[in-house]
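The numbers here are math on the coordinates, done by the rules we state, and not lab data. Computed from a predicted structure; not experimentally measured. Reconstructed Cβ throughout: ideal geometry from the backbone, glycine too, with neighbour counts over all protein chains shown.
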Amino acid sequence: MGDLYEYMLGKLSTAGQNGQFRTPRHIIRLMVELMEPGPREVVCDPACGTAGFLVGVADYLRDLKDAEGNQVLNAPGNREHFNREMFHGFDFDATMLRIGSMNLLLHGIENPQIESRDALSQDHAAIEEAFTLILANPPFKGSIDSLNIATDLTKVVKTTKTELLFLALFLRLLKVGGRCAAIVPDGVLFGSSKAHQTIRKTLVEDHKLDGIISMPSGVFKPYAGVSTAIVLFTKTGAGGTDSVWFYDMQADGFSLDDKRQPIEQNDIPALLAAWRSRGEASGADDRGGKAFFVPKAEIVANSYDLSINRYKQVEYEAVSYDPPLEILAKLRSLEDEIRRDLDELEALL
């Protein structure tokens, strides 16, 4: 039913009643593989919708094998943890709760913890430091009544913008050492308001910001053409950001128009390879390439701006043109040729 609901949204080219839209399956797989979840993770998506990210983690773990080639989930205790304690999701839409729960059950998870919860509200502020991994695509461009926002979130960032509040929420929900991969609109990375700068400063100074992956603007078409990025960070509570890894993803294997037809250009395999080898990767200082590191000091000097265009170096190639008189001479020659052809055609009539 989860796939069916998303198929219907895709065919209607619109979002659901509360702004739900499908996170493409290949983007979910990418984020799961970036995080490399283990068999004893406690995973949460605080805006789970149809639970696509949780299903992605389940599929990844079913295929995961240890060094001897045995399935990791078959180790003692892992299967029980997988079925009963690993998967958690929040949503306030009753339809999404039903579809998400059924989606997980149909994918073989016996007792997923899918709860009716407005994760940003004061009424549900009790859960904290409960999860080791968060994967999410929270609502963009929304705002909520400031009186309903959980006070512990407004202490981190004073705003009513949901895309900023969800980042503060992820920090609250994660255990120390927990990791997060979340999709955010590009405005989060370079917004100049105090709230935007505060949440970026919190990630850089108080925790470990691991990476920023810039995605092309057509990834979420036909629902929206907004430019987005994947933010990757680890909750430490004590800093740890020495440098931030950036990747400029320009193609995801599909056309960037409303049709989203498969194409050959696809940066995802190279992205995953670069992420896994980033520690020893040569050429990491070459900002003309797609992957590079930026030192923390430079980010601080730029008011914690995390947009890739701030740091990426673009090489401009000089283009040489023929002199204007030569171009005019070629045009006259072409006109003469056309006139001769017309004269020959007229003679045949």
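Straight-line cross-link reach from K158 at under 29 Å between alpha-carbon atoms covers these lysines, not counting any fewer than eight positions away in the same chain: K141, K175, K194, K201, K208, K235, K296. Mean residue ellipticity, 222 nm, helices only, the chain: the sum of -39500 (n - 2.57) across DSSP H runs of n ≥ 4, divided by residue count and rounded to 500, is -10500 deg cm²/dmol.
Contact order, relative form, for the chain: 13 percent (alpha carbon pairs under 8 Å, 6 or more residues apart, mean separation divided by residue count).
Take every Cα pair under 8 Å whose residues are at least 6 apart in sequence, average their separation, divide by the length of region 24-70, and the relative contact order is 44 percent.
Measuring r between the beta carbons of D322 and K201 and using R0 = 41 Å, the FRET efficiency lands at 0.20. In order along region 194-202, phi translates into HN-Hα couplings of 4, 5, 4, 5, 5, 5, 5, 4, 4 Hz, rounded to whole numbers, per the Karplus curve 6.51 cos²θ - 1.76 cosθ + 1.60 with θ = phi - 60° and x for Gly and Pro.
Would you mind estimating how fast region 301-349 diffuses translationally, via Stokes-Einstein at 4 °C and 1.567 mPa s with the Kirkwood radius over Cα pairs, in µm²/s?
Working: Rh = 16.0 Å.
My calculation gives 81 µm²/s for D.
Scanning the chain for chymotrypsin sites (Phe, Trp or Tyr not before Pro) lying in DSSP loops with no more than 13 further Cβ atoms inside 10 Å, the longest uninterrupted stretch between such sites is 1-315. The modelled label-to-label distance between R29 and D242, using points 7 Å beyond Cα along the C-beta direction, is 3.4 nm.
For S255, put the label point 7 Å out on the Cα→Cβ axis and report which residues of region 23-39 keep their amide N under 11 Å from it. The answer is none, because no backbone nitrogen lies closer than 11 Å to the label point. Debye sum, Cα scatterers, the chain, no solvent: what log₁₀ I/I(0) at q = 0.09 1/Å? After summing over all Cα pairs, the log10 values are -0.54. Were the residues from R40 through E85 laid out at 0.36 nm apart, the gain over their Cα-Cα distance would be 15.3 nm. Taking the Cα centre of region 2-310 as origin and assigning +1 to Lys and Arg Cβ atoms and -1 to Asp and Glu Cβ atoms, the resulting dipole is close to 420 debye. Compared with the direct C-alpha span, the chain from N70 to S193 gains 39.2 nm at full extension, assuming 0.36 nm per residue.
Can you give me the relative contact order of region 19-98 as a percent, contacts being Cα pairs under 8 Å and 6 or more apart?
Values: 78 pairs, mean separation 29.0, N = 80.
RCO, region 19-98: 36 percent.
Give me the percent of DSSP beta bridges within region 2-310 that run antiparallel, rounded to the nearest 5.
Of those bridges, close to 55 percent are antiparallel.
In order along region 62-68, the Karplus-derived 3J(HN,Hα) couplings, from 6.51 cos²θ - 1.76 cosθ + 1.60 at θ = phi - 60°, round to 5, 8, 6, 10, 7, 5, 8 Hz, and Gly and Pro are given as x. Prolate is the label for region 26-149, because the ratio a/c of its alpha-carbon gyration tensor axes (a ≥ b ≥ c) is 1.5 or higher and a/b is greater than b/c.
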